[in-house]
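Asks: Would you mind keeping the following structure in view while I ask a few things?
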Amino acid sequence: MTRDFMPPSVGILPAAAPRANVGSTLNKGFDGQLKFSQQINKVNLTVRSTMVYSRNEILEADEQYSNYPYVRRAGFRVNQNKGLIALGLFKDYDDIRNSPTQNFGRVAPVI
């Protein structure tokens with residue numbers, strides 16, 4: 001993985017961070033295949049089905065400690081998207097006044 005936490009005293013820009021074996025991931029899963037073959041006259045018929053299930057979790061990653069667990073990669077899946085979930089748009093100013101305080105910029109109802 002790419003080194004995410006390099007002290008500034010090292011003198012390497014984040015864009016040029018080296019790759020290293022500095023983390024661990026737990027992978028679990030299974031796969032299976034079913035196959036059915038039959039010959040009808042001179043025609044061979046084959047039907048195949050494959051199923052794969054896999055889960056992974058980052059156990060350790062090269063990252064700086066944070067008090068906010070959602071910022072860290074450890075405990076989440078590899079390449080998992082994280083962010084805020086929008087519950088919808090405001091329909092009018094009464095809806096804005098009756099909702100929790102919004103700290104992510106100005107809000108206005110949909111026109």
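Throughout, read-outs are computed from the coordinates displayed, never taken from laboratory work. No experiment lies behind these values; they were computed from the predicted model shown. Every residue, glycine among them, receives a Cβ derived from its backbone with ideal geometry; neighbour counts consider all protein chains shown.
Asks: As a footprinting exposure proxy, order LYS35, LYS42 by other Cβ within 10 Å, with the fewest listed first.
Replies: Ranking LYS35, LYS42 by Cβ neighbours within 10 Å, fewest first, gives LYS42, LYS35.
Asks: Could you go through the stretch 82-96 in sequence order and give the Karplus-derived ³J(HN,Hα) for each residue, using 6.51 cos²θ - 1.76 cosθ + 1.60 with θ = phi - 60°, rounded to whole Hz, and x for Gly and Pro?
Replies: Values, residue by residue: 10, x, 8, 9, 7, 8, x, 9, 6, 8, 7, 5, 5, 5, 5 Hz.
Asks: Counting other Cβ atoms within 10 Å of each Cβ, which chymotrypsin sites (Phe, Trp or Tyr not before Pro) in the stretch 57-86 have at most 14 and sit in a DSSP loop?
Replies: TYR65, TYR70
Asks: Can you tell me, using C-alpha contacts under 8 Å and at least 6 residues apart, the relative contact order of the stretch 17-110 as a whole percent?
Replies: Reported relative contact order: 22 percent.
Asks: Separate question: Taking only Cα atoms and a 10 Å spring cutoff, compute GNM fluctuations for the chain and point out the largest among VAL78, VAL22, VAL47.
Replies: Evaluated over the chain, the most mobile residue of the options is VAL47.
Asks: If I model the stretch 8-82 as equal point scatterers sitting on the Cα atoms and use the Debye formula, what is log10 I(q)/I(0) at q = 0.12, 0.25, 0.28 Å⁻¹?
Replies: For the stretch 8-82, the Cα-only Debye profile gives -0.59, -1.18, -1.26.
Asks: Continuing with this model, one more query. For a quick check, take a GNM of the chain with Cα springs below 10 Å and name the residue from ARG48, ARG72, ARG19 with the largest mean-square fluctuation.
Replies: Greatest mean-square fluctuation among the candidates belongs to ARG48.
Asks: Looking at the chain as a GNM with Cα springs under 10 Å, which of SER49, SER66, SER24 has the largest mean-square fluctuation?
Replies: SER49
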